[in-house]
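I have placed the structure first, in the form of structure tokens, so that the comments after it can refer back to it.
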Amino acid sequence: MRSLPLTLASLLLVSAPLEAQTGAERTVDSIFASYNEGARPGLAVAVVRDGRTIFSRGYGMANLEHQVRITPSTVFDVASVSKQFAGLAIAVLVEQGKVQLSDDVRKYIPEMGDVGHVITIGHLVHHTSGLRDWPGSLSLAGWRYDDVISFDQILRFAYAQRSLNFKPGDEYTYSNTGYNLLARVVEKVTGRSFRQWTQENIFGQLGMTRSHFHDDFTEVVTGRATGYARAADGWRASTDNLTALGSSSLFSTVEDMAKWVINFDEAKAGGRTALALARTQVPLNNGSNNTYAFGLVSSAYRGQPVFQHSGSWAQFATYVVHFPQFKGGVVVFANAGTINATRAAYDVADAFFGSELGPVAPVADANADAPAVSVSPDVLDRYVGLYRLGEGWFVRISRQGSGLTSQATRESPAPMSPRSDSSFWVSAYRDMMTFTTPRQGPSVLMYRGQRRPRLDEGAASTSRTLSDFVGEYSSEELGTTYRVVVGDSGLVMHHYRHGPIPLTRLWKDEFTGVGAARFMRSVEFVRDAAGKVTGLSVFIDERSRNIRFARKRS
């Protein structure tokens, strides 16, 4: 039989897959078709079913400058998806008897400072350690995300902590810092670098030839995607100089990550005992459930149990979800922060697994759909005022005509729809606000489990002049100093890298950073018994709370 001409054979090879496309493949192609229009970043997708990769494709550009398209073999920074590999590494060491989850982390890392409590390996893997997170904390110290942020620098920040966000085990609060310490534990116990250990025990065993923990930010990586941020006139490339081993900094492809998804069921790397341990949940100190374990979140989607994790760094957005029922899952890696990788992954899951999934859960809320009622002006006026919900988080309730509005710190006013004389639905928050009016004392706001009385704004001390706060404040934990002065429009904090940061007073001695200084959600000045200002405390977010600065001089 004569062979076909080369050009015709090539044409048939290209067109055959298109003709053989399944409905699921056509659906996914249509969902992401817009990323192939023009020059724009995009995403890569892989789908696993019954222990094999059944779909992998790229959409959009990996590099806009050189017009390189995304393919299933494009290398992405997978950001926090990295944590499940650190989790498995610890699970393997536990199974081998080299580490115990009840061990004090200082058994392996004696450089850690005394924080007043024992932090165990188990606290780290479940995000219950109370350790402050480095992204926000280093921002306060003057770092930018496009700086070189090395593994050693992150560890030094961890070692310098002398207090915690909360007592270990009391709360679940995500901490990248904790997973960086887990990577260091692996190095200390095994005598291998984290990159070497994961290569020998995970990536090498699974044939993940394009995957590695990126421990040298200057290393050239063939086929690497660039992350892009949207700008008014197009796109801007993002700098990625991070080495956050354990919590992030895994470079991989969707083809390689599909092999990792297959390993959840085949257990070729790690073994079944370690993989089972890596999905073990441990409740908090008060007995409440914590669904985070060893770098994976246990949840459900359309009636099916799933194990999943997302990632976000330097404009990369990533998501990996495993469906045990199908011995498979979905991987989505994107190189633009505007792309919702989580939503994309479940859109792909709907296309490939939809007929075997349960119904889509309704999103309607009875409170949202309930009719509004009429409330007398006298009753509405009882609730007007300022309420403090937390550090740097206030809400002002105001009368607007015949109704009320709620305005939270840094947000626009939101209308409140009355469902009774005391309960109001706020659609902007997708939640209810409820008020009580005691016989004595101010009205009380109930919101998301918090009970907060209205503040007496008239009783705020007039003796708290801005000059009270002028001075120089230093944090030993962060190794940084701020100078506080009175400017033309109020109090201003100065830092040698951030420059001037205007502050807005929230209440008494509590202020908040203006504009881009969102790492200063709350700046609260501390006084001694005599009323003299002795320091300040900065609340960045729930992950980095109450970082203390001592006043050095006025």
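The values are calculated or read from the model by the stated rules, or taken from the named source; none is laboratory data. Please read these numbers as outputs of a predicted model, since none were measured by experiment. With ideal geometry, Cβ positions are generated from the backbone for all residues, glycine too; neighbour counts draw on all protein chains shown.
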Considering only strands (runs of 3 or more DSSP E) wholly within region 428-490, the ones with at least 1 residues that are loosely packed, with under 11 Cβ neighbours inside 10 Å are 450-453
Looking only at region 514-525, decide whether some residue is surrounded by fewer than 19 Cβ atoms within 10 Å (Cβ to Cβ) and of a type in the set (D, E). no
Scan region 419-426 and tell me whether some residue there is more than 16 Å from V395 (Cα to Cα), exposed (fewer than 14 other Cβ atoms within 10 Å of the Cβ), at pLDDT below 95 and of a type in the set (S, T, N, Q). no
Counting only strands (runs of 3 or more DSSP E) wholly inside region 29-90, the ones holding at least 2 residues that are touching a helix residue (DSSP H, G or I) at 6+ places or on another chain (Cβ under 8 Å) and not small (G, A, S) are 43-49, 52-59
Long-range neighbours under 9 Å by Cβ, at least six apart or interchain, first residue free of Cβ contacts under 8 Å to residues at least 60 places away in the same chain within region 82-100, second in a helix (DSSP H, G or I) and not basic (K, R): Q96/A274; Q100/V94; Q100/I121; Q100/G122
Exactly one of V373, V331, V360, V282 is among the hydrophobic types (A, V, I, L, M, F, W, C), part of a loop (DSSP other than H, G, I, E, B) and farther than 28 Å from R430 by Cβ, and that one is V282
Does at least one position in region 450-473 carry a residue that is within 29 Å of the chain's Cα centre (by Cα), closer than 25 Å to A414 by Cβ and of a type in the set (D, E)? no
Residue check: is D216 part of a loop (DSSP other than H, G, I, E, B) and touching a residue at least 12 places away in the same chain (Cβ under 8 Å)? yes
Verdict on G191 being surrounded by 17 or more Cβ atoms within 10 Å (Cβ to Cβ) and at positive phi: no
Can you list residue pairs whose Cβ atoms sit under 7 Å apart, with the first residue in region 406-435 being closer than 29 Å to M520 by Cα and the second being part of a strand (DSSP E or B) and of a type in the set (D, E, K, R)? Count only pairs 6 or more apart in sequence or on different chains. Q407/R396
State which residue is nearest to the chain's Cα centre (by Cα) when the search covers only region 219-240 and only residues that are part of a strand (DSSP E or B) and of a type in the set (G, A, S). A229
Selected residue [more than 19 Å from the chain's Cα centre (by Cα) and either crowded, with 21+ Cβ neighbours inside 10 Å or over 28 Å from Q199 (Cβ atoms) (or both)] from R279, R302: R302
Inspect all residues belonging to region 175-186 and state whether any of them is surrounded by fewer than 24 Cβ atoms within 10 Å (Cβ to Cβ), of a type in the set (A, V, I, L, M) and touching a residue at least 24 places away in the same chain (Cβ under 8 Å). no
Here the qualifying pairs (Cβ atoms under 6 Å; residues six or more apart or on different chains; first in region 196-210 and assigned to a helix (DSSP H, G or I); second of a type in the set (S, T, N, Q)) come out as W197/T190; F203/S211; L206/N263
